[in-house]
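Some notes on the structure that comes next.
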Amino acid sequence: MGTSLYFSALFIFWVLFLSPFCTSEQPQITTVDVHAANSLLRSGHRYLDVRTEEEFKRGHVDVENCLNIPYFLSIHEGMVKNSKFLEQVSSVCSKDDHIIVGCKSGVRSAYATADLIQAGFKHVSNMGGGYVSWVENEMSLQKPKVELIMQRT
C-alpha cells in the first residue's frame, strides 16, 4: 500500500512540475556559465538583466550595453510576470542582437530566454548561475555609491 501511494505521489509530481518542461513547445535555450558570458559581453554582446528594478539598483554586472527589463514585477501581493516584457525588449533590441540574459540565479533568465527565442530573437543565451555566480567569481560589478552620513555632536 505504501509503494502505490509513493508512485501516485511521484506521478502527480511529474504531471504538475516536470512534464511542462518536456513538451516540444519549449524552445531549446543555450546556457553559458559566467566566464563564457563575461567573454561574450566583452566582445560586444548585450546584457539583459531581468531582475526587478530594486534588485538591479542594489548592484549589477558592470558591462557596456547593460539593460534592465524585469521579467517579473514586484507588487504588494508578490511577483507577477511583466506582460510588456517582450514589447519592452523589442523596443531596445533587434531580433538579430546577441544578448546574454541574466537574473539572480539563472531561473528567471531561463524563462525570459525561452520567451525571447519563441518571439523570434535569434542569438539569446541564458547566464547560468546569474548575478550570484557572477559575484562569487569576483567579476566586475556596478554597485551604488553609499554616502556615509556622519552625525555631529
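Scanning region 60-78 for residues that are exposed (fewer than 15 other Cβ atoms within 10 Å of the Cβ) and in contact with a Leu (Cβ under 7 Å, 6 or more places away or on another chain) yields one hit, 62.
Pairs linking a residue in region 47-66 that is touching a residue at least 60 places away in the same chain (Cβ under 8 Å) to a residue that is part of a loop (DSSP other than H, G, I, E, B) and among the aromatic types (Phe, Trp, Tyr), with Cβ atoms under 6 Å and 6 or more positions apart or on different chains, are 50/71.
Selection of helices (runs of 4 or more DSSP H) fully inside region 69-153 by the criterion of at least 1 residues being out of contact with any Cys (no Cβ under 8 Å at 6 or more places or on another chain) and modelled with pLDDT of 95 or more returns 85-92, 107-118. When you look at residue 96, is it surrounded by fewer than 15 Cβ atoms within 10 Å (Cβ to Cβ) and among the charged types (D, E, K, R), yes or no? Yes: the conditions hold for residue 96. Answer with yes or no whether residue 132 is in contact (Cβ under 8 Å) with a residue 24 or more places away in the chain, surrounded by fewer than 17 Cβ atoms within 10 Å (Cβ to Cβ), over 16 Å from residue 41 (Cβ atoms) and not small (Gly, Ala, Ser). Criteria met by residue 132. Return a yes/no flag: does region 119-127 have any residue that is surrounded by 21 or more Cβ atoms within 10 Å (Cβ to Cβ), without any contact (Cβ under 8 Å) to a residue 40 or more places away in the chain and more than 10 Å from the chain's Cα centre (by Cα). The answer is yes; a qualifying residue exists.
Under the condition of being at pLDDT below 65, open to solvent by less than 40 Å² (accessible area, probe 1.4 Å) and farther than 30 Å from residue 75 by Cβ, the residues counted in region 1-53 number 0.
The values are calculated or read from the model by the stated rules, or taken from the named source; none is laboratory data. Note that this is a predicted model, so its numbers are computed, not measured. Cβ atoms come from the backbone with ideal geometry, glycine included; neighbour counts cover every protein chain shown. In case anyone asks, the SASA skips ligands and DNA or RNA and just uses the protein heavy atoms, side chains included. Shrake-Rupley method; radii C 1.70, N 1.55, O 1.52, S 1.80 Å.
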